[in-house]
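The values are calculated or read from the model by the stated rules, or taken from the named source; none is laboratory data. This one's a predicted model, so the numbers in the text were calculated from it and none came from an experiment. Please note: Cβ atoms are built from the backbone with ideal geometry, for glycine as well, and neighbour counts cover all protein chains shown.
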Amino acid sequence: MASDPIYGVFLYSTYGLLPVRNAEWALGPFFVCRENMRSVPENLLQMAQTVVEGFDLELWGLELLPKQSSGQLLRVYIENEGGVDVSQCENVSRQLGAVLDVEDPIAGDYTLEVSSPGMDRPLFTQVQFERSVESDIRVKMKSTAVGRKNFRGRLLSVSDNEIVMQVDNDQHTLNIDQIDTARVVPQF
């Protein structure tokens, strides 16, 4: 799903798009198109799930992102009750890379990246939102909800494909299907 064009120079980070100031060297518009696990092709999701579960790990989520130069970035998040180490990421990357080379589900060039979801973990499913109740989260909606697209606050509850957030002094009920991206805000 294509987003509205964004003009300027931006750095893509785990906190979203950040504007770069004083970037006279950049010319022309910059377009962003994100796909997350809700819009990743089902066959790609199934391939990743099969490989990850074969290592007794949980597939936390997938992101298919455009790369700045060309091609796409397939980011695979894996999780384990005791945490994820580098060797687990390496094993999943090798096995999934081999499957993707044979099945070829992504048109054109792509880069495969396998990692843990980290402290600022993205939230893709209702179950993941349920695990994050009482956490601070950051949500970006696909379209405006209650007069805004961005929310940052405490996740109070999850039910029937909706989340309830406390943002400042207001409670907002948001439909999970209308969420573009959501991440836990780490507490230090």
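Values as computed for the structure displayed
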read-out: Flag if D180 is touching a Lys or Arg at 6+ places or on another chain (Cβ under 6 Å) and not in a loop (DSSP other than H, G, I, E, B); value: yes
read-out: Number of positions in segment 98-155 that are more than 14 Å from A182 (Cβ to Cβ) and aliphatic (A, V, I, L, M); value: 10
read-out: Strands (runs of 3 or more DSSP E) within segment 64-172 that include 1 or more residues assigned by TED's automatic domain parsing to the domain that holds G54 and surrounded by 11 or more Cβ atoms within 10 Å (Cβ to Cβ); value: 72-79, 110-115
